[in-house]
Amino acid sequence: MASAPLPQPVPLPALHASHSGCWLSDAGGNVRALSRGEAIMAAAETPLLMLNAPLVASRLGYPELSGLDLLEFYAFVHPARFVVPTPKGLAQALDLPLPEHEGEVPILLARAAARLSEHCEAEDWPEREGAWSVLQSLARQKWPWSGILAPHVRKPERAERWLFARLPEWEELPPRAQPKHVALDPDDIAIRLDTLTGEGSERRDGQRDYAQEAAHVFAPRPEKGRPNMVLAQAGTGVGKTLGYLAPASLWSQAAEGTVWVSTYTKALQRQLRRESRRAWPDSGPDANGVERQTPAVVVRKGRENYLCLLNLEDALQGGFQNRAGIFAQLVARWAAYSEDGDMVGGDLPGWLPTLFRRRGLAALTDRRGECVYAACPHYKKCFIERAARQSANADLVIANHALVMVHAARGGEREGQQRPSRIVFDEGHHLFDAADSTFAVALSGSEAIEMRRWVIGPEGKSKGRRRGLAARLADVASYDEEGEQAIAAAREAASGLPSDGWLGRINEGEPWGPLEQLFASVRRVTYARDEAGSEAGYGLETEAVDLDGPFIETASQARDALAAVRQPLMKLGTRLEAILEDPPDWLDPQGRQRVEGARHSLSWRIDALTAWEALLARLGGPADPDFVDWLSVERAEAREFDIAIHRRWLDPMRPFAATVLEPAHGVLQTSATLCDRSPEGPDWERAVARSGASVIGLNPRISEAASPFDYASQAQVIIVTDVKKGDIAGLAAAYGQLIEASDGGVLGLFTAIRRLRAVHARIADRLARSGLPLFAQHVDPIDTGTLVDIFRDDPRASLLGTDALRDGVDVPGDSLRLVVMEQVPWPKPSILHRARRAASGGERADRQAHDDAIVRARLAQAFGRLIRSRDDSGAFVVLSAAFPTRLLSAFPDGTPVTRTTLADALQMLQRGVSCSTPKDQENVRESDG
């Protein structure tokens, strides 16, 4: 029972709907079960209390459903505060009794509304400031909760500080000096590790050895261009996070330098932020006893993750209407209490944007590169600028792989931040893919139209927004005639780039301008060469070779059009440099910052245009062995959404080595699956090749720490041999029976969204009636992070997903007992994959080994979700008879493996009996896969 007195339920009807049924309570608290049709009729007649209206709508099959959503109420009362968006999660957050069955949920919702109202009336309500002002705006937006809330939120006696007045301003700080050269003592590292792990914690020799190996990257660099480099594989449970934070924290404090830790997933970023507090408390003096002006630990992400205050202001002043306007007000409420303004993986509830069913989130971030920097009235309070400046003086910067690569390439010129010199790449097995994306070039319709908007500014209804070169640099244009001419020339040239409706014009055979004509040619050639994909409804691609004369001529004209945009931008950049070198009287510090910001943005756009021109110049010429080029028509469910020309490095670790490794002093690449475990043993040669070390002639230090878990007794691998490939009914039946046998706690991994949806549709209702909730990516209107939170919170729930759930998901304990893969995760046979496969070797065995290494890595990562602590146990099931024995080395040594029928597998799971046949003793005929 809850410790606080139970509030009287608010006298409002409440609706709860799940896959297992629907329940409705009236204003007096009387609950009855009803059909979906009756629930829809009840919801259409009067506003009902409900939890997560989009999810309820999905359960009812009634997209137009609306009502009094408790999650919106919670987001108003407790912005930036976590809650799992389920009845159980809401009850726990509000100190209410957990419902014993689903029929009790409507009364819980009524009590939750009452408890939230109590919070609004409490004198110690920590989020009171700004609430009354926001509520008035929400009332004007006709927010359903505004009338109910009004009596509980009192008007302040004095005008309260609201969002833009409440946010603190960042300050410019002097650049940090170069770090001292220090040598770490092994005993000090051991002591620091003991401090971080805590008194009385279990001593892990593997973790201690790992920490000593990681310390080598913090030693003085032997010579320029040759960083100290360590490749460290650490099995699950070694404790690698604290293992590398021990020497990292010692070095940063002794050397007064900054360590960058880079991850691939946001989940690991959150974990790192928690773990880092052990080494760097949130407040207190630095190593010299001086009180800190900035945090010791800063999380850095790309600009597209942060709230843009100028975009928010535009939204609040009429840019967002109806439901979108309500969303903007709730985001403003959150922003006033957010730790860092991070909208994607930060303290904005992941479920909040999904409540509004539109992409309002994207419109509030800086996704289009439209930042006006110092010209923005909120520049001194900007979350992005604050994070950038804090990271320049931080001891630890937690970032992602792409940001570290971009920052290293740019040298951090805008923030006074030197290139990252000591870098830990956690989740290092993703570095190759991250570099592949970061150093890629793609000339697409969507990218070209964004270039047009950046130069010209928004068109149509958005003309009032302060964007576009002319608006940003109006004072420069009025002062410098050559600069004014360059802006005018750039605007005129950019008007020839694709504009709104470009894809429709191409489909109708009426492209306008050289770029649209080029994309029309790309579409023509791609469809002409297609052999199967157009009927399947998937995206299409073809090699950019043997292109005809008309195509080459069109590409040449498009290249000239891009050059016409680039040339005045380059001239404008020169004029901006001249103004900074010989500043006029009107150029105050804020004006200088704005001009520097504009110059920075110009350099990025000029680089993009230059890369596009080079891409087009190569079409029709001899093939470059360093690159892979292709054409594509991007489609989703047979609907076209983009057309593009692509270029990728055959080996993306070449630019990675030049931009990241060479300037660095120390680099640690670490992961539980850094090295492929082929049947012949660990393949460190491949790991070194994919690290970039060999590009600059480095022989990195190799380290390996085995997992402390007893996989022989904690886990088992079951390969089910009688589920036929392509049999959706059989696949769905297998998933349903496996979930029932495990009593929930299943993570189901799919290689195709279509199959995931088909399986979910067939089994969700039946499982729910047995008390086994089933959630799914690409089905439920919930973001992936929230789906994982829900799954983690309910031991009887199961979750179906795709690649995003294969790694980076940490669900220790009883909530994850079974991982099921619907088939062997072979790589997609794309043009890029085929080229890299061919480059791996001329022999068939070499090409097969290339594919096998990819699959083993995916299997190892998926298996890694299963056992996260010494107390965990469970099974890993693959529904594929064609599972080659050579792939079994992906699993930890000693893990029992069985090939059997589904019926036998179900019996094994129900008995909880582990197979006694270790994988290295198995003698099964090799499958071709």
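Bear in mind that the values in this text are calculations on the coordinates, not laboratory data. As the structure is a prediction and not an experimental result, all values here were calculated from the model. Cβ coordinates were reconstructed from backbone atoms using ideal geometry, including for glycine residues, and neighbour counts include every protein chain displayed.
Things worth noting here:
- Which of GLU662, GLU213 has the fewest Cβ neighbours within 10 Å, and the rest in rising order: GLU662, GLU213
- Modelled FRET efficiency - R0 60 Å, SER603 with THR901, Cβ distances, 0.05 increments: 0.45
- Between the C-alpha center of region 118-196 and that of region 27-45 there is a gap of 39 Å.
- Solution diffusion estimate, µm²/s, Stokes-Einstein, region 542-615, Kirkwood Rh from C-alpha pairs, 20 °C, viscosity 1.002 mPa s: 148 µm²/s
- Rounded to the nearest 0.05, the FRET efficiency derived from the C-beta distance between ALA761 and ARG273 at R0 = 35 Å is 0.40.
- The chain - mean residue ellipticity at 222 nm from DSSP helices (-39,500 (n - 2.57) per run, n ≥ 4, rounded to 500): -12500 deg cm²/dmol
- The chain - Rg (one decimal) and Dmax (whole number), Cα, Å: 28.9, 84
- Gain on full stretching of the segment that runs from ALA623 to ALA706 - 0.36 nm per residue minus C-alpha separation: 25.5 nm
- Cα point-scatterer Debye curve for region 711-921, base-10 log of I(q)/I(0) at q = 0.12 Å⁻¹: -0.60
- 29 Å Cα-Cα reach of LYS240 towards lysines, excluding residues that sit fewer than 8 places from it in its own chain: LYS180, LYS224, LYS266, LYS301, LYS919
- Potential lengthening between GLU199 and ALA183 on full extension [0.36 nm per residue; Cα-Cα distance subtracted]: 3.1 nm
- Among TRP604, TRP251, sorting on how many other beta-carbon atoms sit within 10 Å of each Cβ, with the fewest leading, yields TRP604, TRP251.
- Region 711-921 - charge dipole about Cα centre, Lys and Arg +1 at Cβ, Asp and Glu -1, debye rounded to 20: 720 debye
- Annotation: for a label point projected 7 angstrom from Cα along Cα→Cβ of LEU650, residues of region 818-834 with backbone N closer than 15 Å are 832-834.
- For THR610 and PHE82, the difference between the fully extended length at 0.36 nm per residue and the C-alpha to C-alpha distance is 185.6 nm.
- Burial ordering of ARG648, ARG154, ARG111, fewest other beta-carbon atoms within 10 Å first: ARG154, ARG648, ARG111
- The reciprocal of the average 1/r between distinct C-alpha atoms defines the Kirkwood hydrodynamic radius, which for region 14-160 equals 16.0 Å.
- For region 711-921, share of DSSP beta bridges that run antiparallel, in % to the nearest 5: 5 percent
- Longest to shortest principal axis, alpha-carbon extents of region 441-649, angstrom: 65, 41, 25
- Under a model in which nothing but the beta-carbon of Lys, Arg (+1) and Asp, Glu (-1) is charged, region 655-700 shows a dipole of about 100 debye around its Cα centre.
- For region 543-700, the Stokes-Einstein estimate of translational diffusion at 4 °C and a viscosity of 1.567 mPa s comes to 64 µm²/s, using the Kirkwood hydrodynamic radius over alpha-carbon pairs.
- FRET efficiency, HIS778 to ALA845 (Cβ-Cβ, R0 41 Å, nearest 0.05): 0.65
- In a simple Cβ point-charge model (Lys, Arg +1; Asp, Glu -1; nothing else charged), region 14-160 has a dipole of about 260 debye relative to its Cα centre.
- Counting only DSSP beta bridges whose two residues both lie in the chain, roughly 40 percent are antiparallel.
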